[in-house]
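One structure is given here, and the rest of the page talks about it.
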Amino acid sequence: MTRIPRKLEETADGPLHSGRVLSGTGGVWQVRNDRGEIRGASLRGRLKLVSDSGVKLSVGDNVKLIEGERGDGWMITEIDPRSTQLARREPGGRAGERVVVANLDQVVVVFAAANPEPHPRMLDRFLVIAEANSLASRIVINKSELAPEQATHARFADYEAAGYPVHFTSVVNGMGLDQLHVAFDGKTSALSGPSGVGKSSLMNVLYPGLNLRVGEISESVNKGRHTTVGAVMHPLPGGGYVADTPGLREVGVWGLKPVDLPDCFPEFRPFIHACRFGNCSHLSEPGCAVIAAVAAGSVSTARYDSYSRLRIELAETEKRWSKRTL
C-alpha cells in the first residue's frame, strides 16, 4: 500500500477542512468538503513537489483544504494516507502503476451476459488486481436478459464456488437491482470491467440523477466505446460513494510477484500450504495440493487454467524487467 507523507497543517492560512477528491482534469480537482460542498481545488505549490517525486493525487483521496488566496476556490494542502487503493499497470506494457481510485471498500466488477461476449480470463484478471490490492470484490453479470438464465448461471458458477458474491442484473427488466442497491449502501465502491457492459446504465437506474454517460456498442467490432475519460467518484444519497472508472481494454497485473499469485485465487487458499514443497508453483510439482484439488473437482479447471497462464506471464514479465534494471 502506498503511504503518502503528511504535510504540516497550516492553520495560519485559515480554517482547515477535510475533503474527498471526486475527479480531476487539467490540474483542477473537484473536491467535496466535510460540509457536502463541491468546488474546484488545486494543489498547493509545495505539495506539487511531493506529487512530482512519484506520489500523485488520485480520485478518492482524502485531503485537507484551505480557501484559495482570491476566495474563488480551494487549495489542497495535505493528502491523507490511503487505507486502500485500486492500482493497475501503466498502459503499453510500461513499468509502474496507475492508481485508479483510492480508499475503497470494494470493487464491483461488471461483465455482460452477452453483447459484448464475456471473457472469463479477463474477469479473472480484474479479480486478481482487486485481490492484489487487498480489496473485496463482487461480480455483476449485467444484460442478463440477453442470454438463457440457466446457462448464464452455470457459466459463472465457478466464481460463486470461489466465494465471490455474484449478481445477475438487467436494466431492461429490473432483475437483481434491489439486491445490488443494498450492496452499495454506505460503502465506497469502484465500478470496473470492460467497456460496453452497462456500468453507467446500471448506476443511472440505481441512482437516478447521476446522469452518467451511456456508450453504444459498436456492431463492427463488438467492443464498447470509451465513455468515461477518467475515474469519477459520485456521492450516493444514502451514504457512501461510487467511482465510475474507464472501461479498461488492457488489464495488466502490476507489481505482483509470481509467488504471491496463488493467494489471489481464494479457492486455492485451503490447499496452498498443504503441498509437498514449500516453494511449490502449483504448476507441475509432485505432491501439489492445488493440482490434486483440481483433479478432485474442488477447484475449477477453468480458474486453474487462468492461474497457470497468469503465473507464466508474471514470471516472464519479472524476468524482462529485471534485465532492464541491470
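Check Arg125, Arg138, Arg155 and return the single one that is surrounded by 14 or more Cβ atoms within 10 Å (Cβ to Cβ), outside the structural domain of Val294 (by TED's automatic domain parsing), over 16 Å from the mean Cα position of the chain (by Cα) and basic (Lys, Arg). Sole residue among the options that is surrounded by 14 or more Cβ atoms within 10 Å (Cβ to Cβ), outside the structural domain of Val294 (by TED's automatic domain parsing), over 16 Å from the mean Cα position of the chain (by Cα) and basic (Lys, Arg): Arg155. Against the test of being surrounded by fewer than 16 Cβ atoms within 10 Å (Cβ to Cβ) and either at pLDDT below 95 or farther than 26 Å from Ala102 by Cα (or both), the options Glu131, Glu149 yield a single qualifying residue, Glu149. Of all residues in region 201-210, exactly one satisfies the criterion of being within 16 Å of Phe168 (Cα to Cα) and of a type in the set (Ser, Thr, Tyr), namely Ser201. For the criterion of being in the same structural domain as Leu236 (by TED's automatic domain parsing), crowded, with 17+ Cβ neighbours inside 10 Å, closer than 25 Å to Arg269 by Cα and in contact with a strand residue (DSSP E or B) (Cβ under 8 Å, 6 or more places away or on another chain), Ser192 passes. Return the residues of region 61-89 that are surrounded by 14 or more Cβ atoms within 10 Å (Cβ to Cβ) and modelled with pLDDT under 75; say none if nothing qualifies. If the condition is that a residue be surrounded by 14 or more Cβ atoms within 10 Å (Cβ to Cβ) and modelled with pLDDT under 75, then Gly68, Arg88, Arg89 are the ones that fit. Evaluation of Leu314 against the conditions (1) aliphatic (A, V, I, L, M); (2) part of a helix (DSSP H, G or I); (3) at pLDDT 95 or above shows that the sole unmet condition is (3).
The values are calculated or read from the model by the stated rules, or taken from the named source; none is laboratory data. Small disclaimer: the values here were computed from a predicted structure and weren't measured. Methodologically, a virtual Cβ is constructed for each residue, glycine included, from the backbone with ideal geometry; neighbour enumeration extends over all protein chains shown.
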